[in-house]
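Q: After the structure tokens below, expect a handful of questions from me.
The values are calculated or read from the model by the stated rules, or taken from the named source; none is laboratory data. Computed from a predicted model, the values in this text were never measured in an experiment. Cβ placement follows ideal geometry from the backbone for every residue including glycine, while neighbour counts extend to all protein chains displayed.
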Amino acid sequence: MRAPSNRIRGGGFFVAQAPPTTSPSGEGSELVMTEQMTGAQSLIRSLEHAGVDVVFGIPGGAILPAYDPLYDSAGVRHILMRHEQGAGHAAEGYAYATGRPGVCMATSGPGATNLVTPLTDAHMDSVPLVAITGQVATPLIGTDGFQEADICGITMPITKHNYLVKNAEDIPRTIAEAFHVASSGRPGPVLVDIAKDALQAATSFSWPQRLDMPGYRPVTKPHGKQVREAARMIAEARRPVLYVGGGVLRSGAAQELRVLAELTGVPVTTTLMARGVFPDSHPQNLGMPGMHGTVAAVGSLQKADLIVALGARFDDRVTGRLDSFAPGAKIVHADIDPAEISKNRHADVPIVGDCREVIADLVVAVRNDQAAGREGDYAAWWAQLDRLREVYPLGYEDADDGSLAPQKVIQRLGELVGPDATYVAGVGQHQMWAAQFIGYEKPGTFVNSGGLGTMGFSVPAALGAKVGDPERTVWAVDGDGCFQMTNQELATAAIEGIPIKVAVVNNGNLGMVRQWQTLFYDGRYSHTDLQTAPRDAKVRVPDFVRLAEAYGCVGLRCERAEDIDATIEKAMAVDDAPVVVDFSVNHDAMVWPMVGPGISNDNIQYARDMAPDWDDED
Ligand SMILES: Cc1ncc(C[n+]2csc(CCOP(=O)(O)OP(=O)(O)O)c2C)c(N)n1
Ligand SMILES: [Mg+2]
């Protein structure tokens, strides 16, 4: 958990929709155009001024005043969800698809507490979100009133910032600030909790022309000396690697990254959060690092003499055992959030700034070095990495019993649907296979819950992504366990006309947990069998095809390898309803490679009990 002082964190590509902040000289807010209305009307008017076109939510007593003017809003579409967790994840999916903050709305107490998971998810993955909750009326606050929960207290460590609004006249300024904070600097979730009596009170509406937030000025422009030092180290290194994280995606720096990579010839590894920001087909892309990363990507970090970390945070799933991570590497660490730098691994060259600006400046510095004859020679390094790629590629084996290989299903999905679609994964084995076996060529085409690992993310986030970009094909790649956490949002998708497609990779169990039980608990499968695809296939509880149909969606099933393509094509042909495909797959497939929990990346296995030979020169 981060310290409260770090709650407002540093810059991004997400578009701030609120008014500009004051100039450094700092004049106060200029208010124009006042109009009489209720606090609730003022809230909806504020959302319209902030450019909001969609709100995902569920009404209840405390927020009810806001739902009345919302009914009449011409600019704001409200999508009635079936669970507030779904509303939060849908808002995240919308943010991924549009680059603008997603908005969710809930009532006090249980409505607000149901937002805790998506808020934490957005905080961990730096997703811009504005959550609006109703609070009990001010005289009831602190009395354990009906449906009172101290949501500001509860969400203090899981939001970038939050507000409790008790006066109607504070609503426009607070909403404007919330959108600015959520989308600027390091993006993140902001919660605005509004007391019911503030929503009901008469007030005068005026939208602030400027914001006065003297304590909040994210640094986006990197320090030139640090950038030049980084360029010098790249030229002098023998074994450098660009370790690219979600910050590069957030800052919209895919183009700049490509220029830097091609200019320097340095190998690139993209984390789970950055899949797609550098094309998978690019010869310099080594794939994903970490617990289920490629041998070449993990090896590149371990053997590097220089790691240039761009918008990445040295997460434990990437570093493995920290004290044995990349022992010979010097570190250049660029991040918009100063709290990330040297948090887990000491940075020899810290660079605070927006990744897009950092990379653009780095390109200039590298060009200058090259013009002066200073250029790296990485031929021997590439020979080493190419050998790892060739000897230890990603792969899988078909099951002995003729059952479907889940990896094959996911690989074919990517091949048939192509790189223009958005793929939204759940959490577990299917998520890792979706990261490994779909070729991502464009930024933003892979969406998932990385930091928190939230089961149930996929269906509502896919729904939100489709609302944000209706022209795009959106596939949720979900697990049978995850799907059962939030599949009620199929009702939302069917009724609201949001034709997402869901591939349920149904291995009949909590597969990732089962994999750990196989490897670390002697195959004692304590409570991981879900009975969604029993081996004898007698009774499926639930039957996902019938469940889909019950929710007004098209339901399909595929159980044989020879039917994969035809089933995907059938699903692709449906464009007027959501589709759910139950891919009943092998129960025992495992995700490889794997770095076991708490062990060194040096001990990665590319298959069970099979460790790569790092130094073989043949
Ligand atoms: C909300 C939540 N609860 C529990 C977990 C722990 N967990 C991680 S993966 C996993 C299994 C997921 O099962 P499924 O959706 O079927 O995916 P599979 O691994 O089988 O592909 C569990 C229980 C989690 N990540 N999130
Ligand atoms: Mg499963």
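Q: Taking the options L490, L452, name whichever one is of a type in the set (A, V, I, L, M, F, W, C), touching a residue at least 24 places away in the same chain (Cβ under 8 Å) and within 15 Å of ligand 1 (Cβ to nearest atom).
A: Details: L490 fails: within 15 Å of ligand 1 (Cβ to nearest atom).
Unique residue meeting the criteria: L452.
Q: Sticking with this one: If only one of A90, A95, A62 is touching a Cys at 6+ places or on another chain (Cβ under 8 Å) and among the aliphatic types (A, V, I, L, M), which one is it?
A: Values: A95 fails: touching a Cys at 6+ places or on another chain (Cβ under 8 Å); A62 fails: touching a Cys at 6+ places or on another chain (Cβ under 8 Å).
Answer to the check: A90.
Q: Taking the condition small (G, A, S), buried (at least 24 other Cβ atoms within 10 Å of the Cβ), on the phi < 0 side of the Ramachandran plot and outside any strand (DSSP E or B), does G86 pass? So that I can check it myself, show each step before the final result.
A: Working: small (G, A, S): yes; buried (at least 24 other Cβ atoms within 10 Å of the Cβ): yes; on the phi < 0 side of the Ramachandran plot: yes; outside any strand (DSSP E or B): yes.
Criteria met by G86.
Q: Can you report the number of residues in region 429-449 which are closer than 14 Å to P118 by Cβ and either within 11 Å of ligand 1 (Cβ to nearest atom) or surrounded by fewer than 24 Cβ atoms within 10 Å (Cβ to Cβ) (or both)?
A: At the first step, the residues of region 429-449 found to be closer than 14 Å to P118 by Cβ are 447-449.
Now narrow it down to the ones that are either within 11 Å of ligand 1 (Cβ to nearest atom) or surrounded by fewer than 24 Cβ atoms within 10 Å (Cβ to Cβ) (or both): 449.
Residues that pass the stated criteria total 1.
Q: Another question, if that's okay. Among the residues of region 318-327, is there at least one that is touching a helix residue (DSSP H, G or I) at 6+ places or on another chain (Cβ under 9 Å) and closer than 27 Å to K225 by Cα?
A: Filtering region 318-327 for residues touching a helix residue (DSSP H, G or I) at 6+ places or on another chain (Cβ under 9 Å) gives 318-322, 324-327.
From what's left, closer than 27 Å to K225 by Cα: 326-327.
For region 318-327, residues touching a helix residue (DSSP H, G or I) at 6+ places or on another chain (Cβ under 9 Å) and closer than 27 Å to K225 by Cα: present.
Q: Looking at region 551-609 only, could you name the residues that are among the acidic types (D, E) and free of Cβ contacts under 8 Å to residues at least 24 places away in the same chain? Don't jump to the end; show me each part of the working.
A: The first filter runs over region 551-609 and keeps only residues among the acidic types (D, E), leaving 559, 562-563, 565, 569, 575-576, 582, 588, 602, 609.
Once the filter is applied, which keeps residues that are among the acidic types (D, E) and free of Cβ contacts under 8 Å to residues at least 24 places away in the same chain, region 551-609 yields E562, D563, D609.
Q: Of all residues in region 90-108, how many are of a type outside the set (A, V, I, L, M), buried (at least 24 other Cβ atoms within 10 Å of the Cβ) and over 16 Å from T155 (Cα atoms)?
A: From region 90-108, those of a type outside the set (A, V, I, L, M) are 92-94, 96, 98-102, 104, 107-108; that's our starting set.
Keeping just the survivors that are buried (at least 24 other Cβ atoms within 10 Å of the Cβ) gives 92-94, 96, 101-102, 104, 107-108.
This time we only want the ones that are over 16 Å from T155 (Cα atoms), so: 92-94, 96, 101-102.
Within region 90-108, residues that are of a type outside the set (A, V, I, L, M), buried (at least 24 other Cβ atoms within 10 Å of the Cβ) and over 16 Å from T155 (Cα atoms) number 6.
Q: Could you check region 390-411 and list, in sequence order, the residues that are buried (at least 18 other Cβ atoms within 10 Å of the Cβ) and either part of a helix (DSSP H, G or I) or among the aliphatic types (A, V, I, L, M) (or both)? First the steps, then the outcome.
A: Step one: of region 390-411, the residues buried (at least 18 other Cβ atoms within 10 Å of the Cβ) are 392, 394, 396, 403-411.
Scanning region 390-411 gives L394, L404, A405, P406, Q407, K408, V409, I410, Q411.
Q: Collect the residues in region 504-529 that are buried (at least 18 other Cβ atoms within 10 Å of the Cβ), of a type in the set (A, V, I, L, M, F, W, C) and either within 8 Å of ligand 1 (Cβ to nearest atom) or without any contact (Cβ under 8 Å) to a residue 24 or more places away in the chain (or both), keeping them in residue-number order.
A: Passing the criteria: V505, L510, M512.
Q: Would you mind stating whether A253 is within 21 Å of G451 (Cβ to Cβ), touching a Phe, Trp or Tyr at 6+ places or on another chain (Cβ under 9 Å) and crowded, with 24+ Cβ neighbours inside 10 Å?
A: Values: within 21 Å of G451 (Cβ to Cβ): yes; touching a Phe, Trp or Tyr at 6+ places or on another chain (Cβ under 9 Å): yes; crowded, with 24+ Cβ neighbours inside 10 Å: yes.
The answer is yes for A253.
Q: Determine if region 556-571 includes at least one residue that is part of a helix (DSSP H, G or I), of a type in the set (S, T, Y) and more than 30 Å from E390 (Cα to Cα).
A: yes
Here's the yes/no breakdown for (1) closer than 29 Å to D316 by Cβ; (2) modelled with pLDDT of 95 or more; (3) assigned to a strand (DSSP E or B); (4) of a type in the set (D, E):
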position	(1), (2), (3), (4)
T203	no, yes, yes, no
Y216	no, yes, no, no
V219	yes, no, no, no
P222	yes, yes, no, no
Q226	yes, yes, no, no
A231	no, yes, no, no
R238	yes, yes, no, no
L242	yes, yes, yes, no
V248	yes, yes, no, no
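Q: From the list A182, A149, A198, A176, which residue is part of a helix (DSSP H, G or I) and within 24 Å of G61 (Cβ to Cβ)? Step through it out loud before you land on a result.
A: Numbers: A182 fails: within 24 Å of G61 (Cβ to Cβ); A149 fails: part of a helix (DSSP H, G or I); A176 fails: within 24 Å of G61 (Cβ to Cβ).
When all the criteria are applied, what remains is A198.
Q: Here's a follow-up. At pLDDT below 95, under 18 Å from M105 (Cβ atoms) and not small (G, A, S), is that true of Q85?
A: Working: at pLDDT below 95: no; under 18 Å from M105 (Cβ atoms): yes; not small (G, A, S): yes.
Spelling it out, it is not the case that Q85 is at pLDDT below 95, under 18 Å from M105 (Cβ atoms) and not small (G, A, S).
Q: Which residues, counting only those in region 432-464, are under 27 Å from D543 (Cβ atoms), in contact with a Ser or Thr (Cβ under 6 Å, 6 or more places away or on another chain) and more than 16 Å from ligand 2 (Cβ to nearest atom)?
A: Residue satisfying the conditions is P460 alone.
Q: Quick one: in region 455-470, of everything that is crowded, with 24+ Cβ neighbours inside 10 Å and farther than 13 Å from A95 by Cα, which residue is nearest to ligand 1 (Cβ to nearest atom)? Even if it seems obvious, please write down each step before you answer.
A: Filtering region 455-470 for residues crowded, with 24+ Cβ neighbours inside 10 Å gives 456-467.
Next, from what is left, pick out any that are farther than 13 Å from A95 by Cα: 456-459.
Details: G456: 6, F457: 9, S458: 9, V459: 11 Å.
This residue is G456.
Q: Which one of the conditions (1) farther than 24 Å from M291 by Cβ; (2) at pLDDT 95 or above; (3) within 15 Å of ligand 1 (Cβ to nearest atom) does V417 fail to meet, given that it meets all the rest?
A: (3)
Q: Which one of V502, V474 is of a type in the set (A, V, I, L, M) and within 16 Å of ligand 2 (Cβ to nearest atom)? Before the answer, list the steps.
A: Values: V474 fails: within 16 Å of ligand 2 (Cβ to nearest atom).
Within the list V502, V474, the selection yields V502.
Q: For the structure I just gave you, tell me whether D582 is in a strand (DSSP E or B) and over 30 Å from R389 (Cβ atoms). If you could, list the steps in order and put the result at the bottom.
A: Numbers: in a strand (DSSP E or B): yes; over 30 Å from R389 (Cβ atoms): yes.
So D582 fits the description; yes.
Q: Can you find a residue that is surrounded by 15 or more Cβ atoms within 10 Å (Cβ to Cβ), at pLDDT 95 or above and within 14 Å of ligand 2 (Cβ to nearest atom) anywhere in region 545-568?
A: No: region 545-568 contains no residue that is surrounded by 15 or more Cβ atoms within 10 Å (Cβ to Cβ), at pLDDT 95 or above and within 14 Å of ligand 2 (Cβ to nearest atom).
Q: For residues in region 530-544 being away from ligand 1 (no atom under 16 Å from the Cβ) and aliphatic (A, V, I, L, M), which is modelled with the lowest pLDDT?
A: The residue in question is A537.
Q: Give, as residue ranges, the strands (runs of 3 or more DSSP E) completely inside region 283-383 that count at least 2 residues that are under 23 Å from the mean Cα position of the chain (by Cα). Lay out the reasoning, then the answer.
A: Details: elements: 306-310, 330-335, 349-352.
Of the strands (runs of 3 or more DSSP E) lying wholly inside region 283-383, those with at least 2 residues that are under 23 Å from the mean Cα position of the chain (by Cα) span 306-310, 330-335.
Condition check ((1) in contact with a Gly (Cβ under 9 Å, 6 or more places away or on another chain); (2) of a type in the set (S, T, Y); (3) modelled with pLDDT under 95) across all residues:
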| site | (1), (2), (3) |
| --- | --- |
| E30 | no, no, yes |
| T34 | no, yes, yes |
| P65 | yes, no, no |
| L80 | yes, no, no |
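Q: Now for a separate question. Test of understanding: among Q429, Q407, which residue is within 16 Å of ligand 2 (Cβ to nearest atom), touching a residue at least 12 places away in the same chain (Cβ under 8 Å) and in contact with a Pro (Cβ under 8 Å, 6 or more places away or on another chain)?
A: Working: Q407 fails: in contact with a Pro (Cβ under 8 Å, 6 or more places away or on another chain).
Checking each option against the conditions leaves just Q429.
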